[in-house]
1. Between rounded, prolate and oblate, where does the stretch 1-102 land on the alpha carbon gyration tensor, with a ≥ b ≥ c its root eigenvalues, rounded for a/c under 1.5, else prolate if a/b exceeds b/c?
2. Given a cut-off of under 8 Å on Cα pairs at least six residues apart, what relative contact order in percent is computed for the stretch 2-150?
3. Assign one of three labels to the chain, namely rounded, prolate or oblate, based on the Cα gyration tensor with a ≥ b ≥ c the square roots of its eigenvalues; rounded applies when a/c is under 1.5, prolate when it is not and a/b is larger than b/c, and oblate otherwise.
4. Can you list the equivalent-ellipsoid semi-axes of the stretch 46-176, largest first and in whole Å, using the square root of 5 times each Cα gyration tensor eigenvalue?
5. Going by alpha carbons, how many degrees (0 to 90, nearest 10) lie between the helix axis of 80-91 and the longest principal axis of the chain?
6. Once amide H atoms are built 1.01 Å from N in the peptide plane, which residues 5 or more positions from Glu28, or in another chain, come under 5 Å H to H?
7. Using amide H atoms built 1.01 Å from N in the peptide plane, name the residues 5+ places from Gly75, or on other chains, whose amide H lies under 5 Å from its own.
8. Which whole-Hz couplings ³J(HN,Hα) result when phi for each residue of the stretch 195-209 is put into the Karplus expression 6.51 cos²θ - 1.76 cosθ + 1.60, θ = phi - 60°, listed in order with x for Gly and Pro?
Amino acid sequence: MKEITNKIQEIATRLFNEDQVDVFLAWEQTGEEYRVKPYFARSAADVSNIVFNEYCIHNLSTSLLKFRDGSDRIGLVVKGCDSRGIVRLLEDLQIKRERLYIVGVPCTGMKDPLAAARNQSGFNNKMQTIDIARKCLDCIQPNPVIYDELIGPENPPLLQGERFAKVKEIENMSADERYQYFEDVLSTCIRCYACRQVCVACDCRTCIFDEMKPQWVGRETNVTDNMMYHIVRASHMAGRCIECGECERVCPVNIPLMLINQKLIKDVNDLFGPYEAGMQYVEGAKPALSRYDEKDPDDFL
Ligand code: SF4
Ligand code: SF4
Ligand code: SF4
């Protein structure tokens, strides 16, 4: 990892010195070994603060939304999931490709900083091994899919076992059992909207859940309004979710949000595929449900 940090710092320094970027997005260390955070370097003098280690789990592509209305030229580091997020933003016309200098890092899986924090805080009775993060165990694309420069050789997918295994288990339940299952898990949602804030695909300028006139969803955290939130968000993610797992990772009450996302990914692929969101950037291409074809299935009409 130290070698990768050095290489990223070398590239960022070169980009600033050659006046190719105005800002460079990466990670910086905080006071705790296991806690890094997104970092915006503004000059070559800032570059020494950049680190890359096994806790660089955040999807940095979401940070690009802060720059969408400006003209800054942006350098940034991407793993596989971050790079798919960039494709999401390019397809959604949120940022222009020519404003980006993308440094790709093939990923071997990241560790969960929260699990490490539990160890350090004494929350666990005894120190536990910090394994690869839950979201990375389902990763089918650890390698950047779009980049200007790649650091190191590509890695195999991390996914072990059958893809969508848990989704299939739930599909096999009766309709009543499924309803009960989702009512139970979604009833614990506190509507903090962390899952929305961290999501690169949630790039609407005004979210309907923030609107007051009209107010589409009640502010209470009852199961009806919670379900409304999750159903609307799921429908907005269909064909657009790049499976980065950030929403589930940041949920403070451990709601298995990836189950919903993976069901949508599976269904969109079955109905309109083969299709995986954000796997490649083709100028002008749109997500599956943003296109219309007369042969599209319409049995539901
Ligand atoms: S989801 Fe994939 S690319 Fe992203 S951090 Fe995990 S292993 Fe790396
Ligand atoms: S992060 Fe979790 S608790 Fe917060 S709104 Fe999303 S699902 Fe609900
Ligand atoms: S819905 Fe979750 S997994 Fe999908 S893009 Fe958003 S944060 Fe990533």
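1. Taking the square roots of the gyration eigenvalues as a ≥ b ≥ c, the stretch 1-102 is oblate.
2. Reported as a whole number, the value is 23 percent.
3. prolate
4. 29, 22, 15
5. Result, in degrees: 70.
6. Lys37, Tyr39, Val51
7. HN-HN under 5 Å from Gly75: Asp22, Val23, Phe24, Leu25, Tyr101.
8. 5, 6, 4, 8, 8, 5, 7, 7, 10, 5, 6, 10, 7, 5, 7
Bear in mind that the values in this text are calculations on the coordinates, not laboratory data. All figures in this text were calculated on a predicted structure; none of them were measured in a lab. Neighbour counts are summed over all protein chains in view; Cβ atoms, including those assigned to glycine, are modelled from backbone coordinates with ideal geometry.
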